[in-house]
Each structure stands twice: as structure tokens, then as C-alpha cells.
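Okay, structure first, notes after.
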Amino acid sequence: MKKELKEQVIAEIKANIAACPNFYLVDIAGLNAGDTAALRRDCFNEGIKLNVVKNTLLHRVIKDAANSEMDQLVPVLEGNTAMMFCEAPATPAKLIKKYVKAGKEKPALKAAYVQECAFVGANKLEELINIKSREELIGEIITLLQSPARNVISALQNAGGQTIAGVLKTIEEKKN
């Protein structure tokens, strides 16, 4: 491969990582054309970008990033490697799990870099499936913050026009 082409591929990988900082490294070696096409179709339907990469070029990208978490991915850069890029951090893990449940060996998880943390090894698949997106976490926090206010409003509405003493008594009961 010519140096200019290598630089172009490296720039493309860096651009993909910048656009979608959550990525998975998977092994898809040995898939026939039909299975590869089905995997690519499933990735497209789930909003996942799938690219096969050269390990040496990805190693250079990781080295250039100078990120200690990303450096943990270097040992898995052996054999065939494909990268799955996605905005939602758990989507590729769920897709891989779907293939595992169907009894297929590939795609096999090698590692992942999700929410600025490295996950190395196929045994991390369940952890990756349970990761929530930023929006999901914000929604849960808002729900938790609204819960006490809802309880107070509900108690006040149930008091139904009673005197202030009744309202204070209801609030005191909720506190205990």
C-alpha cells in the first residue's frame, strides 16, 4: 500500500473516531459473502458503520491519539479486525449478542472503546449491553429529581382543601 493511501486511510479512521467516539473492534474473519452482507445490512439498519481496517494503521491511529485508555486496545490488534462505529454505545453489543444467540461465532467481540473507557475481551459483552447512553442517564436523573416534588404535589392534592395543619401533617408523614 502506498504511503499516500495509508495516510488517507489513517485520516479516515481518525475522522470516524472523531464523529463517533464509541467504537467496537470485532473479528468477522471466515464469514462467507452472504453472512457478511447480512451483517452489513443489520449494521446499516441499526445505525452502525462497519469498516474493515488494517491492524497496523489502526495501531498508528491509537498511538497518535496518546490516550491511555485507547492504548489498552493494542493487544487485540491481531488477525482480521473490523470496526463498528455508533452513536448509541450499546447498539453494537446488542447486535453482536443477537448473533451469539443465533449460534453464530462471528462477529466476535475483541474490544470496545465506549464512553472514553476501554473494554477488552469477549467477556465484556454483557457489560457493554447494559451501558446507557448519555440521554438515557439524563432522563433517569431528571426522573429521580422530579420524584420528591411529585410526592409533595400529590400529598397536597390529596389533602383536598384541608387546613394548613393537615398539609403540614401530610408533609411530615412523607418525610418519615
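Points to keep in mind about this one:
- The chain: DSSP helices with Cα axial extent of at least 27 Å and average Kyte-Doolittle hydropathy no lower than 1.6: none
- Over the range 28-161, relative contact order from alpha-carbon pairs under 8 Å, at least 6 apart, %: 23
- Solvent-accessible surface of the range 1-132, taken per residue with a 1.4 Å probe and all protein chains present: 54 Å².
- Apportionment of accessible area to carbon and sulfur, the chain, percent (1.4 Å): 55
- Nitroxide proxy distance, nm - points 7 Å out along Cα→Cβ at Ala18 and Lys101: 3.8
- Rounded, prolate or oblate (a/c below 1.5 giving rounded, otherwise prolate when a/b exceeds b/c) for the range 1-84 by Cα gyration tensor: prolate
- Candidate values [x] 38; [y] 21; [z] 48, label of the one derived for percent of Cα pairs over 29 Å apart: [x]
The values are calculated or read from the model by the stated rules, or taken from the named source; none is laboratory data. Just so it is clear, the structure is predicted and the values come from calculations on it, not from any experiment. In this analysis, Cβ positions are derived from the backbone assuming ideal geometry, glycine residues included, and neighbour counts consider all displayed protein chains. For the accessible areas, the whole protein counts, side chains as well, though only heavy atoms, and no ligand, DNA or RNA atoms are used. Shrake-Rupley method; radii C 1.70, N 1.55, O 1.52, S 1.80 Å.
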